[in-house]
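Scroll down for the structure; my scribbles are underneath it.
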Amino acid sequence: MSDDRLPPLNSLQAFEAAGRHESFLHAAAEQDVSPSSISRHVRLLERALGTILFVRRSNGVRLTPAGNVYARRVSRIIRDLRRATAQVRAAQPTREP
C-alpha cells in the first residue's frame, strides 16, 4: 500500500521559501514567522518524506540534491496555486450559496 498523503501546506510553503532563499531567516521574514517556525516546518517535512532536504551549517543552510529537486517541483506547484487563486479572486463575483 502506497502512502500518498500530502505534507501540510504550511510545511511546504516554509520549505519552498527556505529553498528559494537558502536561508531560514529570509524565509521567516517573507512568511512573517520566526526562523524557528521555518526550521520546525522543514523538520516535519523531512520526517514526513524520510529524507534530509537541507544541510544545516553554522552560517546557514544549503539544499541537498534531493532537496534541490523537491524545491524546484514544489516551487512550480505553489506558483501555479498562487496563479489559480489570483484568477479566481479576479473573476466576476458570484452569488453566495
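Using a 1.4 Å probe on the protein chains only, how many percent of the accessible area of the chain belongs to carbon and sulfur?
54 percent
Region 20-97: which trypsin sites (Lys or Arg not before Pro) are DSSP loop and have at most 10 other beta-carbon atoms within 10 angstrom?
Sparse-neighbourhood loop trypsin sites (Lys or Arg not before Pro): ARG95.
Where does the chain land at 222 nm, in deg cm²/dmol rounded to the nearest 500, when only DSSP H runs of n ≥ 4 count, each adding -39500 (n - 2.57), divided by all residues?
The helix contribution divided over the chain gives -21000 deg cm²/dmol.
What distance in nm separates the simple spin-label points at ARG79 and ASN10, each placed 7 Å from Cα in the Cβ direction?
Roughly 2.7 nm, to one decimal.
Per 5 Å bin from zero, what fraction in whole % of the C-alpha pairs of the chain is there, up to the bin with the longest pair?
2, 13, 21, 22, 16, 9, 7, 6, 3, 1, 0
Angle, helix 9-21 long axis vs. longest principal axis of the chain, Cα atoms, 0 to 90°, nearest 10?
Around 60 degrees separate the two axes.
Report the relative contact order of the chain, percent, no decimals, based on alpha-carbon pairs under 8 angstrom and at least 6 residues apart.
After rounding, I find 24 percent.
Might you tell me the accessible area per residue for the chain, computed with a 1.4 Å probe and given in Å²?
74 Å²
The values are calculated or read from the model by the stated rules, or taken from the named source; none is laboratory data. Computed from a predicted model, the values in this text were never measured in an experiment. As a convention, Cβ positions derive from the backbone with ideal geometry for all residues, glycine included, and neighbour counts pool all protein chains shown. Ligands, DNA and RNA are excluded from the accessible area calculation, which covers all protein heavy atoms including side chains. Shrake-Rupley method; radii C 1.70, N 1.55, O 1.52, S 1.80 Å.
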